[in-house]
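Engineer: Would you mind keeping the following structure in view while I ask a few things?
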Amino acid sequence: MRLPIFRGPTRRMFLGGTGAVLTGAATAAAAIPDAAPRQGGVLRFCRPDGPDMLDPMANNSISASEFSLAVYDRLVTLDQNDQPVPQLATGWQAEKHGQEWVLTLREGVTFHDGQEFTAANVAATIERSLDKSVAGIGYQAFGPVRSVQTDGKHKVRVVLHAPFGEFPVAVSIAVCSILPLKGIGDLRQTPNGTGPYQFRDFQPGQSVTLERYGRFWNPGSQHLDGIRMVFVHEAVAMQAALRGGQVDVLTQLPTEAFLVLSKVPGIRAYSVSTGNYQTVQIMGNMAPFDNPKVREAFRYIPDRPAIVAGALFGQGKVGNDVPLPPGNIYLPELPQWKQDLPRARKLLEDSGVGPIELDFYTTSDRQPAPKLALAFAAEAAKIGVKLNVRDVPFTEYAANVARKKPLYNANFSAAPTLYSSLWRCYHSKGPYNYSGIELKSGFDSKIDALNAAVDLAERKSLAAEVLRIIHEENDRMIPYFRNYFAATSSKVGGFVPPKFGQVDMRGLWLTA
Amino acid sequence: MTALVFICRRLALLLLVLALVSILTFAIVNVLPGDVATAVLGDTSTPDQVQSVRIAMGLDQPLLVRYLHWIEGVLRGDFGASLQYGRPIGPMLLGRLENSAILGLITLAIGAPLAVGFGLVAALRPGGWLDRVISGFSVGTHALPEYVIGLVAILAFSIWWPLLPGSSLMDPSENPLHRPEALVLPVGVLVLGMLAVIGQLTRASAIGVLASAYIRTAVLKGVPYWRVVLRHALPNLLPPAIAEIGMYFGYVIGGLVVVETLFSYAGVGQMMTNAVAYRDVPTIQAAVLVVAAAYGVGNLLADVVALLTNPRLRT
């Protein structure tokens with residue numbers, strides 16, 4: 001069976017995005033329409049932290065992903081409705097029920113060092129993502145790939161271990177940036193993409209300087225002479241830099257800084273609902289959470305609306321222990337988990353595990369997770385569950401807490417695919433299923449079927465089944481979805497708050 | 001000759017201290033939980049992914065082998081490459097060192113005479129209103145952490161009364177001296193910290209010296225009081241202040257972690273903060289070694305100045 005070819009933004013893919021709903025108001029932006037794009041100027045883009053490294057596949061920070069989005073291209077990008085539209089691939093076609101994908105590649109594209117973009121670059125990139133020693137966080141990012149075959153200079157066939165209906169959406173993310181064949185092992189020092197801006201300088205922890213690439217294949221989306229990413233750790237100093245005209249854009253603001261800036265004349269402040277969430281990990285492979293009654297009891301402990309009001313200052317949405325935010329097209333009707341302390345106490349008594357005293361690990365490097373932990377612990381204390389909140393530095397958290405302790409906070413970004421949101425997080429073989437348990441007998445096969453399905457109605461039906469099981473059985477509580485915050489000066493045009501946490505700077509311009 | 005022997009001895013001691021510092025730093029960083037592989041991969045990576053990256057970075061080698069490899073490079077003048085960024089550490093560190101030196105030396109040039117002057121003025125009339133104002137101010141600023149003073153300074157001078165930039169962001173090729181306005185707040189915060197310690201030290205020392213017999217004799221002989229203070233008292237109250245300024249030399253070169261991070265100033269302190277967060281051991285090692293050397297050199301310079309200003313030390 002051959003599935004139709006999808007080309008261009010007017011022909012939509014059969015899949016809907018999973019990660020975000022832009023229902024929140026962009027508080028000031030709506031009132032100030034952007035003028036037509038203007039050419040020229042250097043955008044000063046400020047964020048709290050710099051890239052952990054510049055390799056677009058191996059890095060593990062939003063900062064580095066934003067760098068990648070400006071310097072590199074992907075095979076596809078997503079439109080406003082999360083549908084794939086061409087970037088380096090001009091067309092894609094599923095074969096064998098989605099187990100093989102054939103991509104037609106754009107001609108006349110060059111890397112910043114002058115190398116021609118061909119199918120060999122795509123093959124080298126995907127093959128690199130299968131090598132866990134170099135791919136880092138990008139390991140298996142292109143999906144369950146078995147092999148890649150080139151067919152001439154501008155056609156490539158990706159063969160998968162199993163049908164993967166979301167392949168075109170999955171490859172739109174920053175870690176799937178297409179890399180140059182020559183120098184592919186050297187990208188930490190010499191970034192080299194096909195994107196609109198080329199690398200000039202990196203001062204670790206301080207700044208990244210990019211300049212306009214003169215031979216970019218789509219000059220219509222390239223408005224700036226250059227971009228300077230600068231990193232200011234302190235929220236007060238960030239605010240001062242924007243107000244004082246030292247920078248043009250602030251992204252990833254703390255809630256408190258957003259609330260202040262939203263009242264400052266001449267500044268556009270953005271608070272937008274996203275699918276980014278933080279969790280309370282109740283690890284199903286460790287005592288006492290290997291007892292389903294204890295897991296269920298814990299779901300009745302938090303006062304979720306109070307946590308949204310207190311920890312997020314109201315800038316977020318109540319979660320329901322499923323990883324898709326309210327309004328997502330795949331989300332079925334589910335009863336909302338609500339605080340019910342008597343019921344929680346009864347379940348704990350019935351579980352037979354006896355009095356519970358546990359360390360609850362969190363890290364201040366992932367705000368506002370400690371507030372969530374403290375609020376949770378305070379409610380738990382009301383039914384005699386003693387949770388000692390331990391705030392540890394992120395490095396210690398990554399080394400000794402994640403996957404190793406029974407109770408802790410974790411952080412997740414919205415993702416555009418069900419493969420990322422569900423398969424990778426809940427399948428017992430998924431890399432982000434921290435406990436490695438199968439939630440219920442037969443759950444893995446259901447989620448495999450969802451991964452393979454290509455028809456939207458079938459996907460919705462399978463997703464509903466999977467999400468119901470996750471809602472009832474999971475060992476990852478999701479009390480809230482966090483808003484994304486940003487602020488720009490009034491001279492920045494084209495700023496669209498990102499759905500998946502990373503700003504794509506290629507659409508931005510300066511009005512003066 | 002005695003002075004030369006003294007300096008040579010101190011230099012030899014400094015080398016020994018640096019060797020010990022490098023061993024201690026290496027040991028401490030490796031005792032801390034996590035390494036650069038876990039820091040870069042974060043909590044989402046699987047244990048075998050972490051192990052693969054660890055092997056690729058050479059972190060599976062025994063500690064002693066890694067240390068000896070590193071020290072061998074240092075002896076050849078090569079600090080190695082950052083595990084996090086894969087770039088040579090030497091050039092990165094050199095640029096940062098230059099920036100920190102500019103910030104630090106300006107701070108010393110302004111702060112040291114000001115602190116000595118304040119201490120001296122306060123000591124002229126101990127318990128007087130001027131002494132109370134200066135001492136109260138010094139103790140007050142010393143009691144507040146630099147972080148708090150810095151935040152208040154940003155709020156006051158960059159947000160409420162927008163006169164100065166709240167961060168010291170600069171182009172990579174830009175010399176901080178060409179952006180004096182970006183230096184005002186960080187230098188101001190550092191100078192306030194110096195005023196307290198050196199000023200109070202000078203004050204205590206000056207009160208003792210001004211009460212001594214030879215000062216009283218000079219006054220009774222009719223020498224103008226300002227001349228007595230500057231010509232007779234000052235040289236004798238300087239040694240403790242100079243020793244303290246020597247210690248500050250190391251601090252302002254590499255210890256400005258809080259101020260550099262708060263003001264986004266591209267110095268050694270900010271580099272170290274990032275390296276520690278990512279457990280980038282070679283970068284931490286190199287930065288700590290440079291900072292330790294700065295402390296050693298600062299101490300040495302203070303001792304040399306003391307030798308030059310106090311003839312009794314030269315015998």
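Engineer: State all residues of region A:394-418 that are crowded, with 24+ Cβ neighbours inside 10 Å, outside any strand (DSSP E or B) and of a type outside the set (A, V, I, L, M); if no residue qualifies, say none.
Structural biologist: Answer for region A:394-418, where residues must be crowded, with 24+ Cβ neighbours inside 10 Å, outside any strand (DSSP E or B) and of a type outside the set (A, V, I, L, M): A:TYR397, A:PRO416, A:THR417.
Engineer: Which residues, taken from region B:145-173, are facing chain A (nearest Cβ under 9 Å), among the small types (Gly, Ala, Ser), under 15 Å from A:ALA240 (Cα atoms) and outside any helix (DSSP H, G or I)?
Structural biologist: Those that are facing chain A (nearest Cβ under 9 Å), among the small types (Gly, Ala, Ser), under 15 Å from A:ALA240 (Cα atoms) and outside any helix (DSSP H, G or I): B:GLY166, B:SER167.
Engineer: Does B:VAL228 fit the bill of being more than 20 Å from the chain's Cα centre (by Cα) and away from every other protein chain (no Cβ under 14 Å)?
Structural biologist: So B:VAL228 passes the test.
Engineer: Output the residues belonging to region A:253-275 that are part of a loop (DSSP other than H, G, I, E, B) and either without any contact (Cβ under 8 Å) to a residue 60 or more places away in the chain or surrounded by fewer than 20 Cβ atoms within 10 Å (Cβ to Cβ) (or both).
Structural biologist: A:PRO254, A:SER262, A:LYS263, A:VAL264, A:PRO265, A:GLY266
Engineer: Another question about this same structure. Filter region A:193-223 down to residues that are more than 10 Å from every other protein chain (Cβ to nearest Cβ) and not in a helix (DSSP H, G or I), then give me how many there are.
Structural biologist: So the answer is 18.
Engineer: Additional query: Suppose we keep only residues that are in contact with a strand residue (DSSP E or B) (Cβ under 9 Å, 6 or more places away or on another chain) and either assigned to a strand (DSSP E or B) or surrounded by fewer than 20 Cβ atoms within 10 Å (Cβ to Cβ) (or both) within region A:379-391. Which one would you say is farthest from the other protein chains (Cβ to nearest Cβ)?
Structural biologist: Here the answer is A:ALA381.
Engineer: Say we look at region B:1-26 and pick out the residues that are small (Gly, Ala, Ser) and without any contact (Cβ under 8 Å) to a residue 24 or more places away in the chain; which of these is surrounded by the most Cβ atoms within 10 Å (Cβ to Cβ)?
Structural biologist: Step by step, filter region B:1-26, then rank; the result is B:ALA19.
Engineer: Now, a different point. Could you tell me which of the residues B:VAL305, B:VAL258 is within 11 Å of chain A (Cβ to nearest Cβ), touching a helix residue (DSSP H, G or I) at 6+ places or on another chain (Cβ under 6 Å) and farther than 30 Å from B:HIS69 by Cα?
Structural biologist: B:VAL258
Engineer: A further question on this structure: I want to confirm something. Restricting to region B:67-109 and keeping residues that are of a type in the set (Phe, Trp, Tyr) and assigned to a loop (DSSP other than H, G, I, E, B), which single residue is farthest from the other protein chains (Cβ to nearest Cβ)?
Structural biologist: If we take residues in region B:67-109 being of a type in the set (Phe, Trp, Tyr) and assigned to a loop (DSSP other than H, G, I, E, B), then B:PHE79 is farthest from the other protein chains (Cβ to nearest Cβ).
Engineer: In the same structural domain as A:ILE437 (by TED's automatic domain parsing), under 30 Å from A:ASN400 (Cβ atoms) and touching a helix residue (DSSP H, G or I) at 6+ places or on another chain (Cβ under 6 Å): does that describe A:ILE301?
Structural biologist: So A:ILE301 fits the description; yes.
Engineer: Oh, and also: Working only within region A:392-418, note down all residues that are among the hydroxyl-bearing types (Ser, Thr, Tyr) and either more than 24 Å from A:PHE481 (Cβ to Cβ) or within 13 Å of chain B (Cβ to nearest Cβ) (or both).
Structural biologist: A:THR395, A:TYR397, A:TYR408, A:SER413
Engineer: Now, a different point. For A:ALA141, work out the one condition from (1) within 14 Å of chain B (Cβ to nearest Cβ); (2) assigned to a helix (DSSP H, G or I); (3) hydrophobic (A, V, I, L, M, F, W, C) it doesn't fulfil.
Structural biologist: With (1) within 14 Å of chain B (Cβ to nearest Cβ); (2) assigned to a helix (DSSP H, G or I); (3) hydrophobic (A, V, I, L, M, F, W, C) applied to A:ALA141, the lone miss is (2).
Engineer: Restricting attention to region B:11-66, which residues are within 7 Å of another protein chain (Cβ to nearest Cβ), part of a helix (DSSP H, G or I) and of a type in the set (Ser, Thr, Tyr)?
Structural biologist: B:THR38, B:THR44, B:SER52
The values are calculated or read from the model by the stated rules, or taken from the named source; none is laboratory data. None of these values were measured; they are calculated from a predicted model. Ideal geometry is used to build each Cβ from the backbone, glycine not excepted, and the neighbour counts take in all protein chains shown.
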